[in-house]
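Report on the following structure.
Read-outs: derived from the displayed coordinates by stated rules, not from any lab. This one's a predicted model, so the numbers in the text were calculated from it and none came from an experiment. Counting neighbours? That spans all protein chains shown, and the Cβs are built from the backbone with ideal geometry, glycine included.
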Amino acid sequence: MIRTVIIGFAHMHVNEVALYIDGQPDTKLVGVADVPPKSPENTDKRYTRAWNLKNVADLSGAPVYEDYTKLLDELKPDYAYILCENAAKPDVCEQVAKRGVNIIVEKPMAADLAGAERICALEGQYGVEIAVNWPVAWRPYLAQLKNAVDNKLCGDLIKLRYINGHTGPLGKGAKHRGVTATAEEMSDEERGRIWWYKGDCGGGAFLDILCYGCYFTRWFFGKKPEGISSMGINLNTPYADCEDNTAAIFRYENAMSTAEGTWTIPRLIVPAGPQVLCTEGAVWCAGGADAGQHIEACTLSGEMVDVPQLPADDKMKNMPWHIASHVLHGTPIFETLTPAFNLEVMQMLDAAVKSNAGHTEVRP
């Protein structure tokens, strides 16, 4: 049995992660603990850290520890899922690693490149394994899209277009996987206390949403771009001290990628995923962000093309199933979950942040 703990309840993805752990027969959640917040919240409404902790504890029946280091010392787990604020991840990961516990950190790896480099170094320092959990890694239709592009279904890749977002992590109508209900209404003062809306905690749309654009760009093109130009701005989130909208252009020698991350868009009109433009046509994610996702393709003249299906694969169901396959059968960690891949994603995200600050293109 793979003994697992969850440390940190700042990220609402924790509810989805806990459900997946509960559904993996070779994995057991043996304990949970939050991390002391840099910005204490003043509400326990749905998707806040207090609500997330209670929801997971009720679901799993796992004991709740007040101190996550005590949890680690007493339970000595095999793996720890880290879902604290982005800015706290390097310190928390170090406490986990120095006890010989393997780490699974929620995306993005850290709040900045220096933090990501600290986390990557822990593998060599303490001999632990590190993986980064990206929810999009487990979407079968995205694997189908990547397979079609890799096999040149519509020719060579020349451009990737991506936009993702919502009304904010705890915005109006916000809904996150693992929970059926939407976020409860909050005052600006309540939201403004939550770490997502504070830059020094690692909040903002760059880290929350544009990171996916970096992920897809690096994954589909197979390498970092030659230059990145970006812009970030706060358009409609007055209680936040960080950007609620971001856009970036990733420049390659003979190709490009564009990505947007936003907290000011209804989920109803968010596409399911990337659109990939090729020399002989296009392949794209059709349907909405929350339902009906599937892959379509067409030629340059608009004739539809059949997209090959991929067989279901248990090891790519979610992170607990992937780790179980890794531990029990020696399956390698998937490329986009490795520290090396994610360090390059963080280099790209760091370049995007610097480009916005300096109003110029930056080489990652």
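Using only side-chain charges placed at the Cβ, +1 for Lys and Arg and -1 for Asp and Glu, the dipole size of region 257-315 relative to its Cα centre rounds to 220 debye. Each Cα pair under 8 Å and six or more residues apart adds its separation to the average, and for the chain the resulting relative contact order is 19 percent.
Residue separation times 0.36 nm, minus the C-alpha to C-alpha distance between residue 223 and residue 38: what's the value?
Numbers: separation 185, 0.36 × 185 = 66.60 nm, distance 3.52 nm.
Roughly 63.1 nm would be gained on extension.
Using a Gaussian network model of the chain in which every pair of alpha carbons under 10 angstrom is joined by a spring, one finds that among 102, 133, 236 the greatest mean-square fluctuation is at 236. Two decimals is fine: what is log10 I(q)/I(0) at q = 0.13 Å⁻¹ for region 1-153, from a Debye sum with one equal scatterer on every Cα and no solvent? One equal scatterer on each Cα of region 1-153 leads to -0.60. A quarter of the convex hull surface defined by the alpha-carbon atoms of region 146-242 gives 8.5 nm² as the mean projection. In the chain, a dipole from Cβ-located charges (positive for Lys and Arg, negative for Asp and Glu) runs towards its positive end, and of 113, 153, 353 it is 153 whose Cα lies farthest in that direction.
Subtracting the Cα-Cα distance of residue 312 and residue 177 from their residue separation scaled by 0.36 nm leaves 46.5 nm. The count of lysine pairs in region 80-221 that are at least 8 places apart or cross chains, and whose C-alpha atoms lie under 21 Å apart, stands at 9.
Its convex hull of Cα atoms gives the chain a direction-averaged projected area, equal to a quarter of the hull surface, of 17.2 nm².
Projecting the Cα atoms of 232, 269, 329 onto the charge dipole of region 215-364 (Cβ charges, centred on the Cα centre) puts 329 farthest toward the positive pole.
Zone of residue 159 (label point 7 Å along Cα→Cβ, backbone N under 14 Å): which residues in region 273-308? Within reach of a label on residue 159, which here means backbone N under 14 Å from a point 7 Å along Cα→Cβ, region 273-308 contributes 275-283, 300.
Only helical runs count toward this figure. For the chain, summing -39,500 (n - 2.57) over DSSP H runs of n ≥ 4 and dividing by all residues gives -9500 deg cm²/dmol at 222 nm. Each peptide among 303-311, 321-329, 57-65, 342-350 gets the average number of other Cβ atoms lying within 10 Å of its residues, and from highest to lowest they stand as 342-350, 321-329, 57-65, 303-311. Only the Cβ atoms of Lys and Arg (+1) and of Asp and Glu (-1) were treated as charged; on that basis the dipole of the chain about its Cα centre amounts to roughly 180 debye. Counting only cysteine Cβ atoms and a cutoff under 4.7 Å, the chain contains unmatched residues 84, 93, 120, 201, 211, 214, 242, 285, 298.
Going by a ≥ b ≥ c, the root eigenvalues of the Cα gyration tensor, does region 231-364 fall in the rounded group (a/c under 1.5), the prolate group (a/b larger than b/c) or the oblate group?
Numbers: a/c = 1.57, a/b = 1.21, b/c = 1.29.
The shape class here is oblate.
Of all DSSP-defined beta bridges confined to the chain, some 55% are antiparallel rather than parallel. Here is the tail figure for region 35-112: Cα pairs spaced more than 20 Å apart come to 35 percent of all pairs.
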